[in-house]
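Okay, so here's the structure we're looking at.
The values are calculated or read from the model by the stated rules, or taken from the named source; none is laboratory data. Just so we're clear, the structure is a prediction, and the values are computed from it rather than from any experiment. Here the Cβ positions follow ideal geometry from the backbone for every residue, glycine too, while neighbour counts run over all protein chains shown.
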Amino acid sequence: MSRLTHSLASFTVFTFIVLAAVGPGDLHAEHVFLKDGRILNGAIVEDAARSITLKDDAGKTSTIEREDILRILYTKLKMGKIHVQMRDGKNFEAFIVDEDQESYTFRRELLKPDETTVNRTEVLFIAERNPSGLKGTPDTTRVKLTWYPPYNPVKHYLLYHKEQGEKDYQPAVMVNRPAFTLDGLKSNTVYLLKVTAVDDSNEESTPSNMLTVTTKNILPERPEMIDVVKSAPGADGKISATLQWRPAADPDGSIKGYRVFRKLEGKYLKIADINETTYTVLDLKPGRNTFGVCAVDNLGDESDITRTGTGILQYTAAVTGTYVQPMGRMSDLFKFGYGVTAIFMAENLFFVGFEPGIEAAYYRFTGAPQNADGADRDVKEGYMAPVLLRLGYGFGPFAGFSLSPYVAGGVSYNSVTYTDRFLVKVTKSAFEPAFSAGVSARYSPWATWYLYGDFRAMAIPENSPLYCIALSLGAGMKF
């Protein structure tokens with residue numbers, strides 16, 4: 001018996017043993033090599049002494065005589081050319097069709113039976129000619145791709161993609177480097193992608209790994225035109241508000257519902273998930289009430305929040321200690337001043353944030369050095385007692401903290417006492433217009449009481465205007 005006949009007999013015995021163990025139809029052959037160079041793929045469904053029956057991917061069966069079979073591989077065959085670098089410095093490109101512990105078997109042309117066997121010890125390394133490591137980062141309508149280039153020089157790459165479920169790939173996109181951003185995709189869609197390399201002889205490699213990506217969902221549009229309709233106080237004194245908005249749209253899906261938020265302690269907290277475009281808040285708090293509404297799509301993603309607010313009329317009063325620093329010509333008369341300021345305000349009177357109020361103050365000043373203003377007199381002291389109406393707008397950047405820029409105008413009773421050149425003490429007093437502008441800050445760590453700070457610039461527009469700046473610190477109460 002020849003060595004080949006002995007090998008075939010041994011293979012037949014082995015095949016029968018496996019079939020007996022796993023049953024007919026369970027033994028799969030990745031590739032059947034025929035002596036005429038053809039390579040058949042399929043599953044062995046019947047194994048006899050002189051033939052095998054092969055079932056291909058389409059379900060068609062064929063009988064192959066054993067005398068026509070060169071080899072059967074039960075491992076996956078790499079159907080692309082590889083680069084082989086020999087230890088003697090030579091190299092070549094071929095298809096690897098078999099290997100064992102001692103050698104490799106190559107074909108220069110895959111479908112021709114001419115083969116070359118090379119000892120493993122003669123091979124320095126083997127490198128694939130196709131791209132590898134294809135990775136992607138998807139966005140809504142694009143995906144950023146990167147991959148590893150093959151060992152051999154590449155003329156360009158061809159990128160293929162298709163939607164999951166489609167039969168054919170879209171026309172290949174030519175790429176010059178191993179990175180590319182593929183645009184024009186559908187959002188919220190599964191895509192299959194692969195890339196091949198084309199060398200200088202225009203031979204295309206086998207594809208890289210198959211990459212499956214899902215483009216991101218486009219967020220729904222946020223609700224627009226939120227109106228707030230307040231009710232009259234009920235029997236319990238509570239005031240409710242109904243929020244109303246236009247239906248939102250979703251570019252790549254549908255709107256499942258809406259999510260309503262309320263700003264509490266500086267954070268927007270969810271208070272309701274609803275399907276309608278109206279929602280009633282039953283217990284408005286004194287002062288500013290801020291709400292938000294977002295749309296939720298069929299995938300559970302939220303739109304941006306549309307914010308709105310309403311206010312309940314609330315009165316506040318504060319008393320502060322004040323330091324006054326004269327500026328310009330006023331600093332020639334006085335070194336500094338100090339006193340007390342009282343402020344009364346109504347918050348949210350006509351609309352949210354509007355803060356009209358009235359303030360009254362008394363500031364006493366210490367005179368500047370003798371003749372400091374160029375006059376022949378020695379200023380001893382002075383005082384101001386302004387009463388001003390103020391208009392401000394309050395907003396809260398942080399929880400419990402609010403700022404209110406304001407302007408104020410009114411009248412001030414001013415007095416100055418000095419000694420003239422005849423050493424006669426003279427006091428002059430008059431009512432004069434006064435104006436100021438500044439910003440106040442309130443911090444409310446308690447339910448009723450709050451800390452108050454104020455910085456302002458004040459002007460007395462007499463024949464030669466007087467200017468000063470003032471810093472106030474104190475406390476106030478809500479009621």
- Task: Give me a count of the residues in the stretch 241-255 that are part of a loop (DSSP other than H, G, I, E, B) and over 24 Å from the mean Cα position of the chain (by Cα).
- Result: 3
- Note on the structure: Counting only residues that are at pLDDT 90 or above and surrounded by fewer than 13 Cβ atoms within 10 Å (Cβ to Cβ), the stretch 256-273 contains a total of 3
- Residue that is surrounded by the fewest Cβ atoms within 10 Å (Cβ to Cβ) [pool: residues in the stretch 331-353 that are part of a strand (DSSP E or B) and in contact with a Leu (Cβ under 8 Å, 6 or more places away or on another chain)]: ALA346
- Over the stretch 300-356, the set of residues without any contact (Cβ under 8 Å) to a residue 60 or more places away in the chain, among the charged types (D, E, K, R) and over 24 Å from LYS230 (Cβ atoms) is ASP332, LYS335
- Which of the residues that make up the stretch 53-97 are over 51 Å from the mean Cα position of the chain (by Cα) and touching a residue at least 40 places away in the same chain (Cβ under 8 Å)? ARG66, LEU70, ILE72
- Within the stretch 93-105, the count of residues that are modelled with pLDDT under 90 and surrounded by 10 or more Cβ atoms within 10 Å (Cβ to Cβ) comes to 7
- For PHE351, work out the one condition from (1) touching a Gly at 6+ places or on another chain (Cβ under 9 Å); (2) not assigned by TED's automatic domain parsing to the domain that holds THR419 it doesn't fulfil. (2)
- Message: Considering only residues that are charged (D, E, K, R) and modelled with pLDDT of 95 or more, which ones fall in the stretch 184-209?
- Response: LYS194
- Among the candidates GLY287, GLY300, GLY292, GLY309, single out the residue that is at positive phi, under 45 Å from the mean Cα position of the chain (by Cα) and surrounded by 16 or more Cβ atoms within 10 Å (Cβ to Cβ). GLY287
- Item | Number of the exception - GLY80 against (1) under 29 Å from LEU159 (Cα atoms); (2) in contact with a Pro (Cβ under 8 Å, 6 or more places away or on another chain) | (2)
- Of LEU219, LEU185, LEU211, LEU159, which residue is buried (at least 16 other Cβ atoms within 10 Å of the Cβ), more than 30 Å from GLY257 (Cβ to Cβ), under 27 Å from the mean Cα position of the chain (by Cα) and not charged (D, E, K, R)? LEU211
